[in-house]
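In what follows, a single structure is set out as structure tokens and then discussed.
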Ligand code: HEC
């Protein structure tokens, strides 16, 4: 055995002291921690989905400006995010038109405390210039960015947002319909929304629910909401699938100062051949591809925004046509009475 030298004894004492100090310090820390965590509500850093969850993907907007997904786009913000591709002929134009209505309802709050982002899932075709032209065709206002980035990174982003459906990444499936999410990064509250959602409901979620009711509400806009009465199937379909792009008579859509993306449809059932109308509602993309003369003329007149194929069957198309007929008759009777 080697006898303890004064030096090694001193070292031993030193080690014990260090150990005791550490133990004491950790006790103090633990006790200290226990108090505030019980008394203070979760803070910003407690939100379950922060910068360590969301990628800080580098994206380019329609003006060629580079931004980072987490830091620049969603951090501490109330946002709407959807994924689109500009050559999409079914659900994306409907979604864009619907969001444009929501943007109108929210007015100048968009770009101030509510932000809109449409991210392309087809970055090869959707360059910033293509996205800019798309945004202009839909006449979107400020506060709404159209973004593009690396395909793999955008896919990763969709997964993180829960908007990626395995095996459907060309977006052409119906499942692509559910590609809209609204949320508040700060509170960690995120909700998926359907593009068929009533725009007033979406606007209300963004302006009130997600703001934790702190901001002035957009309640006034409810005055302009269509009056509630049980709608027919045709009317229901029209309101959810068509009304974002088409008004129905001179009074329709006036309240929120919206001009339509497609033609007004009052009287269309008298103007067009029934078979043409039924097919057009079901497969306008094919008729345009076949260069149907009426289709081509309309397409040119309406800023080359193609009417989307909404995958309606014949029965649904007919119920919409019936509703259009009824509404035309109703408005005509009304006009005759007031003359
Ligand atoms: C994303 C916008 C959009 C949506 C949603 C949409 N349309 Fe259209 N629609 C258009 C545009 C734009 C045109 C003009 C033709 C073109 O550019 O393809 C059009 C044209 C039409 C026409 C021809 C009008 C005429 O003068 O003959 C009819 C009818 C029509 N749409 C019915 C419907 C119905 C019914 C629905 C719902 C099931 C619907 N549209 C949904 C954009 C839309």
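The values are calculated or read from the model by the stated rules, or taken from the named source; none is laboratory data. Remember, it's a predicted structure, so these values are computed and weren't measured experimentally. Virtual Cβ from ideal backbone geometry, glycine too; neighbours counted across all protein chains shown.
Summary of computed values
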{"quantity": "Long-range neighbours under 6 Å by Cβ, at least six apart or interchain, first residue on the phi > 0 side of the Ramachandran plot within the stretch 231-249, second part of a loop (DSSP other than H, G, I, E, B) and more than 9 Å from the ligand (Cβ to nearest atom)", "calculated": "249/266"}
{"quantity": "Exclusive hit being over 17 Å from residue 87 (Cα atoms) and within 8 Å of the ligand (Cβ to nearest atom), set 334, 312", "calculated": "312"}
{"quantity": "Residue list for the stretch 320-331, restricted to those being over 13 Å from residue 270 (Cα atoms), more than 12 Å from the ligand (Cβ to nearest atom) and surrounded by 14 or more Cβ atoms within 10 Å (Cβ to Cβ)", "calculated": "331"}
{"quantity": "Residue ID - modelled with the highest pLDDT, chosen from residues in the stretch 189-225 that are closer than 15 Å to residue 105 by Cα and within 16 Å of the ligand (Cβ to nearest atom)", "calculated": "202"}
{"quantity": "Top-ranked residue in the stretch 102-122 [being within 16 Å of the ligand (Cβ to nearest atom) and crowded, with 21+ Cβ neighbours inside 10 Å; ranked as farthest from residue 203 (Cα to Cα)]", "calculated": "118"}
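Residues checked against (1) assigned to a helix (DSSP H, G or I); (2) more than 20 Å from residue 53 (Cβ to Cβ); (3) under 14 Å from the mean Cα position of the chain (by Cα); (4) touching a residue at least 12 places away in the same chain (Cβ under 8 Å):
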residue	(1), (2), (3), (4)
80	no, no, yes, yes
95	yes, yes, yes, yes
108	yes, yes, no, no
116	no, yes, yes, yes
122	no, yes, no, yes
135	yes, yes, no, yes
139	no, yes, no, yes
158	yes, no, yes, yes
